[in-house]
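Asker: Below you'll find the structure I mean.
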Amino acid sequence: MTSLNRKIGAWTGEKRLPELLSVQYGLKLQEVEPVEGVLKLYTNEGIYVLKRVPKEMTEYLYLLIELAEHTPFVTVPIHTIRNKPYFDGFCHRYCLLSWTDTYSPRSFQHVTDWIAATEAIADLHAQTRNFKEKKNYKLIQKDHTWKIEWEKDYKQIEIFNVAARYTPNPTPLDHHWLKAAAYTTGLVESIIQHYEKLNGDEAWQNSYALGKVCHGNLHRKNILFDQQNQIKFIDWNQVRLDSRMYDLTKWIWYAYGKTGSLPMMKQILQRYHQNVPIQESEFTLMYLRSLYPEQLIHTLKLAYHEGSDNSKDWGSKMKQIMEQEKQKVDVLKQLMPQIEENFVVQIPLITWIHQ
């Protein structure tokens, strides 16, 4: 076994990777280095990226190939000699991507980076208005309104509530959750009722018609720039077929988390609106999505499904997230009136939250 094989085996467990690359792509591997969770491969044909693909996520590769027909923001996997976008190793499944030194992430220290990324996000949504997948992707979040998702979550948190309340051996996680359970349950219930009252399904469908593909995980390391400010989005494993407000809402809150700036949130919305106008009903969707305690519910699912072995750590995490949720509501109380004024719209608010 060569030193290269041993080195790769120590990193990945995949000791025969050079031979696999030769069989699958006709490439001769010369050197390799780990970079940000992937392998940078130096070969006789140039430089590539090798990325692990969980088998249940394989369908995302086929969706990306379809998306590339509609938008230039997607980097598609390189096909094997047998015309597959992936190959199976002895330990894992992988896909091969082109490496380019012309694109790299930025620190987002400057307003211009936020604006350029926002314009690209708006363009991505606009370019996928007419997207229609050619096959049925079972795992892709798609073609349903937010109410269905929220009602499922509501049932889950009721179960977590009962489990924490009646367990004979409560953990730190149970204690922290019970402190937040009444508020969280009431909040989700109010969001669903507000959504129904305002005919949220229709608003969602209208928004979905204006942009059907959401990246789902927008942050600075997944947004690459070249020297001309052209952009590529990477790591599409949370892609959704959903209202564009899903992406845009997460993006403005990511910006706030990085900058702590309310003006930055408004500037992002204004630039997006200049590129692709936001409908009045979409601002209501954005408001409800902002209120929705998605991170809290996600953490609850992980904590209770994984068991109580690390209940102390989960309890601390729960406390931290609850503080973030309260801060988010405080920011919304300031942001919504300013949006109404700047965009000349009316956003029906949930009264008890803003009292």
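The values are calculated or read from the model by the stated rules, or taken from the named source; none is laboratory data. Note that the coordinates shown come from a computational prediction; the quantities given were computed from them, not determined experimentally. All Cβ positions, even for glycine, are placed from backbone atoms using ideal geometry, and neighbour counts span all protein chains on display.
Asker: Residue by residue through the stretch 197-225, note down the ones that are of a type in the set (D, E) and in contact with a helix residue (DSSP H, G or I) (Cβ under 7 Å, 6 or more places away or on another chain). Spell out the reasoning first.
Answerer: Of the residues in the stretch 197-225, the ones of a type in the set (D, E) are 201-202.
The one that is of a type in the set (D, E) and in contact with a helix residue (DSSP H, G or I) (Cβ under 7 Å, 6 or more places away or on another chain): D201.
Asker: Suppose we keep only residues that are assigned to a loop (DSSP other than H, G, I, E, B) and hydrophobic (A, V, I, L, M, F, W, C) within the stretch 67-82. Which one would you say is nearest to C95 (Cα to Cα)? Please lay out each step first, then the result.
Answerer: Here is the first cut: in the stretch 67-82, the residues assigned to a loop (DSSP other than H, G, I, E, B) are 68-73, 75-77, 79-82.
Those left that are additionally hydrophobic (A, V, I, L, M, F, W, C): 68, 73, 76, 81.
Values: A68: 16, F73: 18, V76: 10, I81: 13 Å.
So the residue we want is V76.
Asker: Hey, can you tell me all the residues within the stretch 312-355 that are at pLDDT 95 or above, part of a loop (DSSP other than H, G, I, E, B) and either in contact with a Gly (Cβ under 6 Å, 6 or more places away or on another chain) or loosely packed, with under 15 Cβ neighbours inside 10 Å (or both)?
Answerer: The answer is V344, Q346, P348.
Asker: Could you say which residue among H125, H144 is part of a loop (DSSP other than H, G, I, E, B) and under 21 Å from the mean Cα position of the chain (by Cα)?
Answerer: Details: H125 fails: part of a loop (DSSP other than H, G, I, E, B).
H144 is the lone residue from the list that is part of a loop (DSSP other than H, G, I, E, B) and under 21 Å from the mean Cα position of the chain (by Cα).
Asker: List the number of the failed condition for E189; all other conditions in (1) closer than 30 Å to E66 by Cβ; (2) without any contact (Cβ under 8 Å) to a residue 60 or more places away in the chain hold.
Answerer: With (1) closer than 30 Å to E66 by Cβ; (2) without any contact (Cβ under 8 Å) to a residue 60 or more places away in the chain applied to E189, the lone miss is (1).
Asker: Restricting the search to the stretch 253-269, which residues are closer than 13 Å to I339 by Cα and either outside the structural domain of Q295 (by TED's automatic domain parsing) or buried (at least 16 other Cβ atoms within 10 Å of the Cβ) (or both)?
Answerer: So in the stretch 253-269, the residues closer than 13 Å to I339 by Cα come out as 262-269.
M264, M265, K266, Q267, I268, L269, listed by residue number.
Asker: Could I ask something else about it? Identify all residues within the stretch 168-191 that are β-branched (V, I, T), in a helix (DSSP H, G or I) and either crowded, with 19+ Cβ neighbours inside 10 Å or in contact with an Asp or Glu (Cβ under 6 Å, 6 or more places away or on another chain) (or both); write none if there are none. Full working, then the answer.
Answerer: So the first thing to find is which residues in the stretch 168-191 are β-branched (V, I, T), and the list is 171, 184-185, 188, 191.
Still in the running and in a helix (DSSP H, G or I): 184-185, 188, 191.
Within the stretch 168-191, T184, V188, I191 meet the criteria.
Asker: Search the stretch 39-86 for residues being of a type in the set (S, T, Y) and in contact with a Ser or Thr (Cβ under 9 Å, 6 or more places away or on another chain), and hand back the single one that is surrounded by the fewest Cβ atoms within 10 Å (Cβ to Cβ). Explain how you work it out, then say what you get.
Answerer: First, the residues of the stretch 39-86 that are of a type in the set (S, T, Y): 42-43, 48, 58, 60, 62, 71, 75, 80, 86.
From what's left, in contact with a Ser or Thr (Cβ under 9 Å, 6 or more places away or on another chain): 48, 71, 75, 86.
Working: Y48: 22, T71: 17, T75: 19, Y86: 20.
Looking at residues that are of a type in the set (S, T, Y) and in contact with a Ser or Thr (Cβ under 9 Å, 6 or more places away or on another chain), I get T71.
Asker: Mind checking whether some residue in the stretch 217-237 is in contact with a Cys (Cβ under 9 Å, 6 or more places away or on another chain), part of a helix (DSSP H, G or I) and either outside the structural domain of M336 (by TED's automatic domain parsing) or farther than 24 Å from H354 by Cα (or both)? Give the steps one after another, and end with the answer.
Answerer: Going residue by residue through the stretch 217-237, those that are in contact with a Cys (Cβ under 9 Å, 6 or more places away or on another chain) are none.
No, the conditions are met nowhere in the stretch 217-237.
Asker: Another question about this same structure. With the condition kept exactly as written, say whether any residue in the stretch 283-296 is modelled with pLDDT under 95 and touching a Cys at 6+ places or on another chain (Cβ under 6 Å).
Answerer: No, there is no match, as no residue in the stretch 283-296 is modelled with pLDDT under 95 and touching a Cys at 6+ places or on another chain (Cβ under 6 Å).
Asker: Just to be sure I understand, how many residues within the stretch 101-120 are in contact (Cβ under 8 Å) with a residue 40 or more places away in the chain, part of a loop (DSSP other than H, G, I, E, B) and polar (S, T, N, Q)?
Answerer: Matching residues across the stretch 101-120 total 2.
Asker: Among the residues that make up the stretch 57-66, is at least one of them at pLDDT 95 or above and touching a Phe, Trp or Tyr at 6+ places or on another chain (Cβ under 7 Å)?
Answerer: The answer is no, given that none of the residues of the stretch 57-66 is at pLDDT 95 or above and touching a Phe, Trp or Tyr at 6+ places or on another chain (Cβ under 7 Å).
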